[in-house]
Amino acid sequence: MTLVKHSTRTVRKPCRWCGRSDLYWAHDTERAYHKHCDRCDTTGGFVLIEKDGSRHNCRNTDGSGDSMGDVYLDGPTDEDEKEATPVNAPVSQDVQAALGMLVGALTPQVDRAEIEAMVKEAVANVVFPTRTVVERVNSERKEFTGATHHKLSDVITSLMAGEHVLMVGPAGTGKSTIAEQAAEGLGLKSYSISLSPQTPASQLLGYMQATGDYVPSLFREAYEHGGLFHFDEMDNAHPSVLAVVNAALANGHMAFPDQMVKRHKDFRAIASANTYGRGATRSYVGRQAIDAATLDRFSVETIEVDETLENELCHSTGLETDQVERVLTFVRRLRANAEAHSMPVVISPRASVGMCRLLAAGRSWESTVQARVRRGMGDTEWNKING
Ligand SMILES: Nc1ncnc2c1ncn2[C@@H]1O[C@H](COP(=O)(O)OP(=O)(O)OP(=O)(O)O)[C@@H](O)[C@H]1O
Ligand SMILES: [Mg+2]
């Protein structure tokens, strides 16, 4: 028996013996007295089959007959045939024309430029949070939910590898924030000192009182008990202080005024600077050169403006999206011009975030520009940067 399935839907007319209608029509090619079927390109009488393609085998309840004896000449009804039309049958031209009209009527008449503008507007409204996850050596995970600079993970990886890290970048790019977040990510206590030419070495080492008592420093605390110590503005420090930094990182022990102290295994140093330690630059005129031996103890990470972070900080001021976009476009144009003309001007994310805050508070555009960007700049300089 060779069966070729004819219908794609179940039969309309139930089996005359058992009354089931969850069956299909098929041709039995060995009962070839039926005319040729164009749809299946086969010749054979119609029989009923099950869903799995086997011949339907049933019996009348009184035993008077069975479906295996049935071969139908007439087969499917007109209605069965209609329903069994293959799905991919060619659609008539009339139907195609009607579909075309329908699609035309439903599609709004917008051109490509309009669609692009709509998409741009929608995307500009979306703030993509930067996500940083730290997997610590003990398999603990620390996920930062707030905004993070994209360099945070590199800084943490270097610190985890046992390196001390020097972050170099223009003002306001987020170096001090990275230092705090790195300590949090590593599960270390965070210590920081902002260095200036007037900072004495005793602020790092602590000192002995006239009574003979030792007054410890934050640095001593971190060195002895572990923690991440941040030397902020390291290129602004007096050379005598840099000598202490150098000594602290060079050896496993250090002489404090009261005694020698062993460096804790979880002591790490992180430093930030606006220059690479080679002395003053156009924008950072007062900076000190850092001696090569001290510099050599650090892995250096360049921290530039992270525009995604800047977007996020500006949007979080609550200023309307189109105003934030205006501020960002304006500030970035000035930044690029200052760079192109080698001007000693720093236009950091503090300028863009500050502008957004002032505008959100109701200040006018002009007064906001004066307060956060122009800041008394003369006309010649301003025309150059604003060109
Ligand atoms: N990840 C962040 N999340 C929230 N605010 C941030 C983040 N990074 C930076 N900021 C904000 O941007 C401003 C500048 O950041 P920060 O002080 O860390 O920069 P900096 O590079 O240390 O600047 P400077 O060189 O002037 O010391 C701060 O107001 C800070 O709160
Ligand atoms: Mg800082």
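Consider segment 192-207 and keep the residues that are more than 16 Å from ligand 2 (Cβ to nearest atom) and surrounded by 14 or more Cβ atoms within 10 Å (Cβ to Cβ). The one that is nearest to the chain's Cα centre (by Cα) is L204. Under 29 Å from H225 (Cα atoms) and in contact with an Asp or Glu (Cβ under 7 Å, 6 or more places away or on another chain): is that true of I290 in this structure? Here the answer is yes, as I290 does meet what is asked. Can we say V165 is modelled with pLDDT of 65 or more and more than 13 Å from ligand 1 (Cβ to nearest atom)? Against the criterion (modelled with pLDDT of 65 or more and more than 13 Å from ligand 1 (Cβ to nearest atom)), V165 qualifies. For segment 129-153, filtered to residues that are part of a strand (DSSP E or B) and either of a type in the set (A, V, I, L, M) or near ligand 1 (Cβ under 10 Å from one of its atoms) (or both), the residue that is modelled with the highest pLDDT is F144. Residue count for segment 154-187, restricted to those that are crowded, with 19+ Cβ neighbours inside 10 Å and either outside any loop (DSSP other than H, G, I, E, B) or of a type in the set (A, V, I, L, M, F, W, C) (or both): 17. Residues in segment 314-336 that are within 12 Å of ligand 1 (Cβ to nearest atom) and in a loop (DSSP other than H, G, I, E, B) were compared, and the one that is farthest from the chain's Cα centre (by Cα) is T317.
A count restricted to segment 253-288 and to residues that are of a type outside the set (S, T, N, Q) and closer than 20 Å to L186 by Cβ stands at 9.
Would it be correct to say that A250 is of a type in the set (A, V, I, L, M) and surrounded by fewer than 17 Cβ atoms within 10 Å (Cβ to Cβ)?
Yes.
Looking only at segment 218-272, which residues are within 16 Å of ligand 2 (Cβ to nearest atom) and hydrophobic (A, V, I, L, M, F, W, C)? Result: L228, F229, F231, M234, A237, A269, I270, A271.
The values are calculated or read from the model by the stated rules, or taken from the named source; none is laboratory data. Just so it is clear, the structure is predicted and the values come from calculations on it, not from any experiment. Note: ideal-geometry Cβ built from the backbone for every residue, glycine included; neighbour counts use all protein chains shown.
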